[in-house]
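What follows draws every value from the coordinates through simple rules; no lab data is involved. Everything numeric in this text was worked out from a predicted model, so none of it was measured. Cβ coordinates were reconstructed from backbone atoms using ideal geometry, including for glycine residues, and neighbour counts include every protein chain displayed.
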Amino acid sequence: MRDGVKVFAALSGDVEPLLACGWLLSMVPGTAVTVGLSDLGPGAGPWARGFMDAHFLRQGHENETLWGAAATQARRLATQLPGDGALELVHEPPVEEHDLLLVSRPSPGQSLSGNPAYGNADAKKFRAVLVAPRELPTCLGRSVTVLADGPPRDLPLFGFARRLFPDMASVHLILDERTDSDRGAEWPQRLACQCPVQVSTVHRTSDARMRAVLRAGGDVLIMERSVRFWNAMTFDWRLSSFLDRTPGAVLFAS
């Protein structure tokens, strides 16, 4: 694994929270954040399936407008956000692999797959996806909530999150209520983080998990894909539900 973390922030939708997340990530030593337009060509990713992407047919000046707006916003955010973060803005889509794809949050009721940056993303280029919060964040990864499923085990995505958010101060781990007490006690040891870990269990329904997430109040929610086959199949549907209702950023494996 490389020592540094490479982040690509794909421009679309509301650029302000996206750029703020990128800025905060770029303050972490060894993290490089590049901001630009995603690959919108035909057959660019799994959702294109070889057909012409509708966004590919748009006039190029729309992309220039978006890129110019991002440049203006980045300069404005530089005077508001802490630290000395640095974003690199590029016109061309990335050709090299990145560790993280950072995308804007879709409007309520809209699927994330409708975002061309995510829908056309090549999973081989990005190991994880971070969806920006609805509001401009002033901190990121200080208070983390983790939705996990199955027996205690190492969570590679959480290990990645520790690299992204080295100032992590608290973790709230939400497990299935059927997890027995011994296994629940083992989970914090497997996370191996240097901050307090609170463990709670909830009924395995979307509403119960949503209430637990909102009570936890973290600024980043980590959603692990379920180890159970059916829940893994419905991950995208559950993701859309959480994006509609949770205010913080959401991190998941691509």
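Counting pairs of alpha carbon atoms under 8 Å apart in space and at least six apart in sequence, what relative contact order in percent does segment 140-206 give?
About 40 percent, as a whole number.
Seen from ASP167, the other residues with C-beta closer than 13 Å to its C-beta sum to a net charge of +2, counting Lys and Arg as +1 and Asp and Glu as -1.
Overall shape: prolate for segment 132-182, with the ratio a/c of the largest to smallest alpha carbon gyration tensor axis at 1.5 or above and a/b above b/c. The mean sequence distance of close C-alpha pairs (under 8 Å, at least 6 residues apart), as a share of the length of segment 95-247, puts its relative contact order at 27 percent. Annotation: amide H of ILE222 within the under-5 Å range of THR145, VAL146, LEU147, LEU251, sequence separation 5 or more or interchain, hydrogens built in the peptide plane.
Amide H contacts of VAL199: LEU173, each under 5 Å away and 5 or more positions distant or on a separate chain (H built 1.01 Å from N in the peptide plane; Pro and chain starts excluded).
Shown in residue order for segment 185-190 are the 3J(HN,Hα) couplings computed by the Karplus curve 6.51 cos²θ - 1.76 cosθ + 1.60 at θ = phi - 60°: 6, 7, 4, x, 5, 6 Hz (x for Gly and Pro).
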